[in-house]
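**Q** Okay, here's the structure, questions in a sec.
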Amino acid sequence: MIIHGPSAAELPVLRDIERAAGEPFRGLGMASIADDEPPSLEQLSGFQRAGRLLAAYGERGPAGTSTHRDRDTAGRPIGYLLWEPVDGCTHIEQVSVHPDHAHRRIGRALIDRAERDSGPGALTLTTFAEVPWNAPYYTRLGFRVLADAELTPGLRAIRAHEAALGLDRWPRVCMRREAGRSDSGP
């Protein structure tokens with residue numbers, strides 16, 4: 001797998017990845033999450049210009065070793081991550097991997113790369129507490145749930161915005177991973 005900033009021409013593919021990554025929420029009774037519109041091209045371009053957009057790419061293996069699916073995506077984005085600075089931390093705004101490429105540690109690799117690229121400091125994110133590929137997954141990557149008293153002003157503002165969007169229909173949490181914990185978990 002290769003990780004780097006995507007080209008402007010690849011931004012529509014990231015929107016497709018987001019739509020596909022949202023579909024599993026439908027099976028949990030979270031159709032409004034599955035139907036949520038991905039970040040716009042304008043939003044993705046803003047993250048790209050700021051150097052806060054990473055994409056993971058399929059890689060063609062040695063002759064005869066790639067699966068058909070791998071050959072079809074070689075050199076194309078299969079996952080992406082958006083981050084922004086929030087209160088001295090690297091806040092993971094979004095990380096999505098196409099479901100055809102799930103369980104390959106792509107999300108982990110994107111998060112670890114964002115940590116390296118963004119400089120010293122902890123990582124934070126907000127996520128659904130009870131969705132298996134959300135908070136339980138991030139816990140395995142070394143994140144911990146923050147108590148309300150630990151929330152910074154920026155995280156409080158993000159949570160208020162999420163609540164205004166109706167995301168609090170399902171339990172949500174803020175999580176944090178201290179710098180240098182990228183090797184934690186299985």
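**Q** Which members of the range 74-88 meet the condition of being in contact with a helix residue (DSSP H, G or I) (Cβ under 8 Å, 6 or more places away or on another chain) and either at pLDDT 95 or above or assigned to a strand (DSSP E or B) (or both)?
**A** From the range 74-88, those in contact with a helix residue (DSSP H, G or I) (Cβ under 8 Å, 6 or more places away or on another chain) are 76-87; that's our starting set.
Across the range 74-88, the qualifying residues are 77, 78, 79, 80, 81, 82, 83, 84, 85, 86, 87.
**Q** Quick one: what pairs do we get from the range 1-27, first residue closer than 28 Å to residue 129 by Cα, second basic (Lys, Arg) and open to solvent by less than 70 Å² (accessible area, probe 1.4 Å), C-beta under 7 Å, 6+ apart or different chains?
**A** Listed pairs, sorted by first residue: 3/113.
**Q** Counting only residues that are touching an Asp or Glu at 6+ places or on another chain (Cβ under 9 Å) and of a type in the set (Ser, Thr, Tyr), which one in the range 96-140 is nearest to residue 165 (Cα to Cα)?
**A** Filtering the range 96-140 for residues that are touching an Asp or Glu at 6+ places or on another chain (Cβ under 9 Å) and of a type in the set (Ser, Thr, Tyr), the one nearest to residue 165 (Cα to Cα) comes out as 126.
**Q** Now for a separate question. Could you grab the pairs with beta carbons closer than 9 Å, sequence gap of 6+ or different chains, first residue in the range 149-165 and among the acidic types (Asp, Glu), second one loosely packed, with under 14 Cβ neighbours inside 10 Å?
**A** Between residues of the range 149-165 that are among the acidic types (Asp, Glu) and residues that are loosely packed, with under 14 Cβ neighbours inside 10 Å, the close pairs are 162/168.
**Q** Name the single residue, out of those in the range 20-33 being under 17 Å from residue 79 (Cα atoms) and out of contact with any strand residue (DSSP E or B) (no Cβ under 9 Å at 6 or more places or on another chain), that is most open to solvent (accessible area, probe 1.4 Å).
**A** Ranking the candidates gives 23 first.
**Q** So which of 69, 60, 49 ends up being at pLDDT 95 or above and open to solvent by 80 Å² or more (accessible area, probe 1.4 Å)?
**A** Values: 69 fails: at pLDDT 95 or above; 60 fails: at pLDDT 95 or above.
Result: 49 is the single residue among 69, 60, 49 that is at pLDDT 95 or above and open to solvent by 80 Å² or more (accessible area, probe 1.4 Å).
The values are calculated or read from the model by the stated rules, or taken from the named source; none is laboratory data. Keep in mind that this is a model prediction, so the values were computed, not measured. Here the Cβ is made from the backbone with ideal geometry for all residues, glycine too, and neighbour counts use every protein chain on show. Ligands, DNA and RNA are stripped out before the accessible areas are found, and what is left, the full protein with its side chains, is counted by its heavy atoms. Shrake-Rupley method; radii C 1.70, N 1.55, O 1.52, S 1.80 Å.
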